[in-house]
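Please read the structure below before turning to the comments.
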Amino acid sequence: MKIVYSEKFEERYSANPVEGPDRARLSARKLQGHDFVEPLPASLEDVSRVHSREHIEMVRRKGMLAPALLAAGGANLAAEIALRGKAAFALVRPPGHHASATTAWGMCYFNNVAVAVRKIEDRIEGKIEGRTGKVLIVDIDLHYGDGTVGIFRWDDGVKVVNVGAIDPGFDYLALDPAGYIGQVERAVAESDFDLLAVSAGFDTYVLDWGGLIDLADYREIGRILREGAEEKSAGRRFAVLEGGYHQDLPLCIRSFVEGFGGD
Ligand SMILES: [Zn+2]
């Protein structure tokens, strides 16, 4: 399993203090033994496929251009690894799924997963000859990935499924862990795809804000996603860190990676 990581993800920047450097630093430590690869920053051309010029300028004015480009670059590298049929987890900050084409909130700047999908989508081998492949994005963060949904709303080639998310459906409070995992199973079973991307947020964790999913559940969710990718997308899969703010985040990520990588 490839872990996409840079020590630059351990920088402190003036965002909400809950999204702190230790999220990356301590998680990287817990993943020792995996194969670490270092990303390059995404280019302005890469982020322009998703975001307006005004939005990119706003990120620049906030002094976040360099960290946000590196996070998107991390997702890009994970997607390239996935294209080759290998699994990758991009351990990046800042997160991205609340970034739309023209705005961003919730500690996000560029939509890392969307930038990566747009960069590689023409090169995904489809099941129908001459057609490029379809992408399934499964968002397991506690919060609804409104940015990602908006970006791909009119795109037939990219399906986005938010699992048990708070807003806009708000069925979250009615879910137990089995129901939540069942939604992950259905997301994979009911979709046709040639590459799987995961917006991997861990704030649904039992001791985090969501209070629902434990470490064994994260391993199980990773396994379901891996087996789905093995069945439908020749194993092509990658995950990108989104939220997750409890001190156990490194354990959540490690459990997920064990299931998702399968090695
Ligand atoms: Zn979240």
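Taking 1 over the mean of 1/r across every pair of different Cα atoms in the chain, what Kirkwood radius in Å do you get?
17.7
Per residue of the chain, what 222 nm ellipticity follows from adding -39500 (n - 2.57) for every DSSP H run with n ≥ 4, rounded to the nearest 500?
Taking each H run of at least 4 residues, the total per residue is -11500 deg cm²/dmol.
Starting from the amide H of residue 160, placed 1.01 Å from N in the peptide plane, find each other amide H under 5 Å away whose residue is 5 or more places distant or on another chain.
Counting only residues 5 or more places away or on other chains, the set is 137.
Find out how many positive minus negative residues lie around residue 60, taking Lys and Arg as positive, Asp and Glu as negative, among other residues whose Cβ is under 12 Å from that of residue 60. Walk me through the numbers on the way to the answer.
Values: positive: 53, 61, 62; negative: 54, 57.
Charge balance in the 12 Å sphere: +1.
Would you look at the GNM of the chain, springs on alpha carbons closer than 10 Å, and say which of 165, 239, 66 moves the most?
Evaluated over the chain, the most mobile residue of the options is 66.
Cut-off 10 angstrom, C-alpha nodes, Gaussian network model of the chain. Which of 76, 112, 16 fluctuates the most?
So, out of 76, 112, 16, the one fluctuating most is 16.
For every other residue with a beta carbon closer than 12 angstrom to the beta carbon of residue 99, add +1 if it is Lys or Arg and -1 if Asp or Glu, then tell me the sum.
Local charge sum for residue 99: -2.
Starting from the residue with the highest accessible area, list 77, 44, 225 in decreasing order, probe 1.4 Å.
These residues rank, largest area first, as 44, 77, 225.
Mind checking the full-extension length gain between residue 129 and residue 49? Use 0.36 nm per residue of separation minus the Cα-Cα distance, one decimal, nm. Please report the intermediate quantities before stating the final value.
Values: separation 80, 0.36 × 80 = 28.80 nm, distance 2.54 nm.
Length gained between residue 129 and residue 49: 26.3 nm.
First measure r as the distance between the Cβ atoms of residue 156 and residue 57, then evaluate 1/(1 + (r/R0)^6) with R0 = 30 Å and state the FRET efficiency to the nearest 0.05.
0.45
If I compute solvent accessible area with a 1.4 Å probe over the protein chains, what percent of it on the chain is carbon and sulfur?
Roughly 49 percent, rounded to a whole number.
To the nearest 0.05, what FRET efficiency results for residue 227 and residue 32 with a Förster distance of 25 Å applied to their C-beta separation?
Once the sixth-power term is evaluated, E becomes 0.45.
Which of the aspartates and glutamates could a cross-linker span from residue 232 if the Cα-Cα distance has to be under 14 Å and same-chain partners fewer than 8 positions apart are dropped?
Straight-distance partners of residue 232: 125, 185, 190, 192, 194.
Around residue 216, what is the net charge, scoring Lys/Arg as +1 and Asp/Glu as -1 over all other residues with Cβ under 11 Å from its Cβ?
Summing Lys/Arg as +1 and Asp/Glu as -1 gives -2.
Given H placed on each backbone N at 1.01 Å, which residues far from residue 4 in sequence or on other chains put an amide H within less than 5 Å of it?
Placed amide hydrogens put 37, 89, 90, 91 under 5 Å from residue 4.
Just the number please: accessible area per residue for the chain, 1.4 Å probe, all protein chains included, in Å².
42
So in the chain, what percent of DSSP beta bridges are antiparallel if you round to the nearest 5?
Values: 2 of 30 bridges.
Among the beta bridges of the chain, antiparallel pairing accounts for roughly 5 percent.
Please identify the GluC sites (Glu not before Pro) of the stretch 31-139 that satisfy two criteria: DSSP loop assignment and at most 15 other Cβ atoms within 10 Å. Which are they?
129
For the stretch 176-246, which GluC sites (Glu not before Pro) are both in a DSSP coil and crowded by at most 13 other Cβ atoms within 10 Å?
Answer by residue number: 190.
List the trypsin sites (Lys or Arg not before Pro) within the stretch 33-128 that fall in a DSSP loop (any state other than H, G, I, E or B) and whose Cβ has at most 12 other Cβ atoms within 10 Å.
In loop regions of the stretch 33-128 (DSSP not H, G, I, E or B), the sparsely surrounded trypsin sites (Lys or Arg not before Pro) are 84.
For residue 125, what residues show an amide H to amide H distance below 5 Å, using hydrogens built from the backbone and excluding near sequence neighbours?
For residue 125, whose amide H was placed from the backbone, the distant partners under 5 Å are 133.
Students often get this wrong, so check it: of 30/127; 8/134; 2/119; 8/127; 2/127, which have C-alpha atoms separated by over 30 Å?
Among 30/127; 8/134; 2/119; 8/127; 2/127, the Cα-Cα distance tops 30 Å for 30/127; 8/134; 8/127.
Residue by residue, what Karplus-based ³J(HN,Hα) values in Hz, rounded to whole numbers, does the stretch 119-129 have, using 6.51, -1.76 and 1.60 with θ = phi - 60° and x for Gly and Pro?
For the stretch 119-129, the Karplus curve yields 6, 10, 4, 6, 10, 7, 6, x, 7, 9, 4 Hz.
The values are calculated or read from the model by the stated rules, or taken from the named source; none is laboratory data. Note that the structure is predicted; figures quoted are calculated from it, not measured. We place every Cβ from the backbone using ideal geometry, glycine too, and count neighbours over all the protein chains shown. Quick note on the areas: whole protein, heavy atoms, side chains included, nothing else; ligands and nucleic acids left out. Shrake-Rupley method; radii C 1.70, N 1.55, O 1.52, S 1.80 Å.
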